[in-house]
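To start, the structure under review is shown below, and the notes come after it.
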Amino acid sequence: MAKGFAPRIRFWILALGILVGYGAIGYRLVELHVIDAPRLNKELQDTRYRVIPLNSRRGDIFTYDLNGGKELFATSQTLLEVGLDPLARKESDLNRLPELSRLLRKDISLVERVFGARGRRIVETLDNEDERWRLLARKVDEATYQKILDLKISGVYGTRKYERVYPKNSLASHVIGYVRRDGESISGIEREFDFYLSGQRGWRESEVTAGRELPQFRRRYVPARDGMSLALSIDSYVQHVIEAELDQIASAFDPESACIIVSDPYSGFVLGLANYPTFDPNHYSEFDQSTHKNRAMTDPIEPGSTFKIVATSAALEERLVDIYTEFDCSLPTLQMPNGYVAKLPKDWKPFGVLSVEGIVTHSSNRGAAHLGTLVGTNEFYDYTRKFGFGERTGLDIGIESRGILHPVRNWDGLTLSRMTMGHAISATPLQIHYAMATVANGGLLMRSQIVSKILDTNGKEAVSYGPMVKRRVISSETARTMSELLVKTASPGGTAHGAGIPGYRVGGKTGTAQKIVNGRYSSRHHIGSFSGFFPADNPEVVITVIVDGSYSNMPVSGAGSAVPAFKRVAEKLIPYYAITPLDENTAFASNENARGMRLRN
């Protein structure tokens, strides 16, 4: 019996072993094909198949010169990020690392560290199998990348990216804005027109081995769509001139800020816009954030005497006065329309009886108060709104302030007498500029614009922008009368006589506004401004100069700081636009060829 029992035990042990073995195999098959199948399939897909993003190329921002050639303000250059898939490393490739380090301009020790190698051996054990990318170098150009591919090092591959560059450095930086290194557009045209510029990213799903795509096993492909390009009305020469002038202003007055704006009065297109301080968008992080502000649009100021064109235009338009109507500007008080007897502000020098012409040419604060009182509170407010104060100009290059224009119900007894001289109201330099342009072009408030065309990826025109009239503010007759008064202001005997250019009729108005310091108007801190146009009979350009204060306590006034800057800029633009001088006995004939060339852009 003992002899028969032993074989049966062995039989059942063997049978049990076979059963357990097959059971384990069956369990493992169930585990692989049922329980762990989703996870394993995902790992396989992640390892073998990859969704490769395709970056779109951001469109260019450029302008046309007078000959029709393009001048780039912003463009995108192709660069690659080169890295390593650590799962694809091979020791047989390590002898090529010195050549790779030379191409990447990296120390060999850094390259070996990425590879986890020492000499010609891989010494690093890879614990994390999910790690599929190690950066070797950024900003590798196409030619260098091709040489790297020729080395045929397993697992080394690149991701194509586009880097935004600004060929003209700081020129027009506040207009153009910038794109951050992570691809986010931050300011200026770059941000406001990002929808057109950025295009659409694409992608493709493909099988990958050793970091290399196998195109024959590509599953899906959605091509990237490059961004559209923008043509600007900005003239690079004009922009260079005004930025050089701001440098001169900064050197002479050490201002807290300053800006210069140049535009075509008839189209509303901006030809130049610059701020001080400025920055270089190629190195935006190296500049203080305050330098990034487009102060011409964001920082309202009290306009001072440049605002007197509103009260004068309103009184002339309503036919309440003519240029010969006289007012006693020696009176210290004046009864306002609401019956309040207001103490009038002092003039820069004592005046007696002045005509409307004298009020403008001598810039009398009290005379402006007389005109505003004659117009009436509500009517004066309406004309202020018509001239564009209290609303945005429409320039789509970033955040724009509306300024501060309180409704009439919030005015006190002094508001009207102060607002007529440019106090008790805040306006951006851009609003002041376009109010003056309204007088220059015959009474029309134009929408401020700077983008003239949007072009598709083939360079064909997709959208074209033309002049946009917001409304008629004053009649052409009133505008001509105001223009003549402003010409006399910029002539000998006027407060802006320094703006005169021999052979040309210049019109414009100075402003010197006291700054509010610690809640009070300061007698030492001022904002100097001048807004003018020429030739007055048929203006080619409107130029506004604003100089805001001085850190070194240099005296800042419209006549002393802004007027000379206006004149220097104007004198440089005369030969550039071939503006014909006046003959003493003939009227000005505008140079239509120069304007036509400019508006074509």
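Just so you know, all these numbers are worked out from the coordinates, no wet-lab data involved. None of the values given here were measured: they were computed from a predicted structure. A quick note on method: Cβ atoms are made from the backbone with ideal geometry, for glycine too, and the neighbour counts reach across all protein chains shown.
Normalised by the number of residues in the stretch 439-559, the mean separation of alpha-carbon contacts (under 8 Å, six or more apart) gives a relative contact order of 20 percent. FRET efficiency for the pair E142 and W348, taken as 1/(1 + (r/R0)^6) with r the Cβ-Cβ distance and R0 = 45 Å, rounds to 0.10. With both labels modelled 7 Å from their Cα along Cα-to-Cβ, the R225 to I186 distance reads 2.9 nm. Listed cross-link partners K308/K567; K343/K488; K308/K509 are compared with a 18 Å cut-off, the Cα-Cα value being larger for K308/K567; K343/K488.
Dipole check for the stretch 385-508: with +1 at the C-beta of Lys and Arg, -1 at the C-beta of Asp and Glu, and the Cα centre as origin, the magnitude is about 260 Debye.
Bridging of K168 to lysines at a Cα separation below 24 Å is possible for K70, K139, K293, K453, K572, once same-chain residues fewer than 8 apart are set aside.
Length gained on full extension, I399 to E124: 93.7 nm, using 0.36 nm per residue less the C-alpha separation. Whole-Hz Karplus values for the stretch 309-321 come out as 5, 6, 4, 5, 4, 5, 5, 5, 5, 7, 6, 7, 8 Hz, taken residue by residue from phi with 6.51 cos²θ - 1.76 cosθ + 1.60 and θ = phi - 60°; glycine and proline positions read x. Counting only DSSP H runs of at least 4 residues, each contributing -39500 (n - 2.57), and dividing by the residue count of the chain, the helix-based mean residue ellipticity at 222 nm comes to -9500 deg cm²/dmol.
Can you figure out the FRET efficiency of A250 with D150, using R₀ = 56 Å and their beta-carbon distance, to the nearest 0.05? After rounding, the FRET efficiency stands at 0.60.
The residues packed around P255, meaning those with a beta-carbon under 13 Å from its beta-carbon, carry a net charge of -4 if Lys and Arg are +1 and Asp and Glu are -1.
Where does the charge balance sit around V241 when Lys and Arg score +1, Asp and Glu -1, over other residues with C-beta under 12 Å from its C-beta? Around V241, the charge tally is -3. Translational diffusion coefficient of the stretch 423-505 (Stokes-Einstein, Kirkwood radius from Cα pairs, 20 °C, 1.002 mPa s): 138 µm²/s.
Report note on the peptides 24-37, 113-126, 247-260: ranked by the mean count of other C-beta atoms within 10 Å, highest first, their order is 247-260, 113-126, 24-37. Applying a DSSP loop filter and a limit of 13 other Cβ atoms within 10 Å to the GluC sites (Glu not before Pro) in the stretch 153-202 leaves E184. Here the simple spin-label model places points 7 Å from the Cα toward Cβ, and for V517 and N378 these points are separated by 4.2 nm. Using a simple spin-label model with pseudo-atoms 7 Å out from Cα toward Cβ, T298 and T580 lie 4.5 nm apart. Remark: H240, H292 ranked as H240, H292, counting other beta-carbon atoms within 10 Å and listing the fewest first. For the stretch 426-486, the set of trypsin sites (Lys or Arg not before Pro) satisfying both a DSSP loop assignment and a count of at most 12 other C-beta atoms within 10 Å is given as K460. Within straight-line reach of K90, meaning a Cα separation under 22 Å, sit the following lysines at least 8 residues removed in sequence or on another chain: K106, K147, K152. You can think of it this way: the chain between I13 and E131 has 37.8 nm of extra reach, that is 0.36 nm per residue less the Cα-Cα gap. Local charge for R568 was computed over the other residues whose Cβ lies under 15 Å away, with Lys and Arg +1 and Asp and Glu -1, and equals -2. Using only side-chain charges placed at the Cβ, +1 for Lys and Arg and -1 for Asp and Glu, the dipole size of the chain relative to its Cα centre rounds to 2540 debye. Distance distribution P(r), the stretch 376-422, all Cα-Cα pairs, bin width 10 angstrom from 0: 23, 52, 20, 6 percent. Applying 0.36 nm per residue to the separation of R105 and V408 and subtracting their alpha-carbon distance, the gain on full extension is 102.3 nm.
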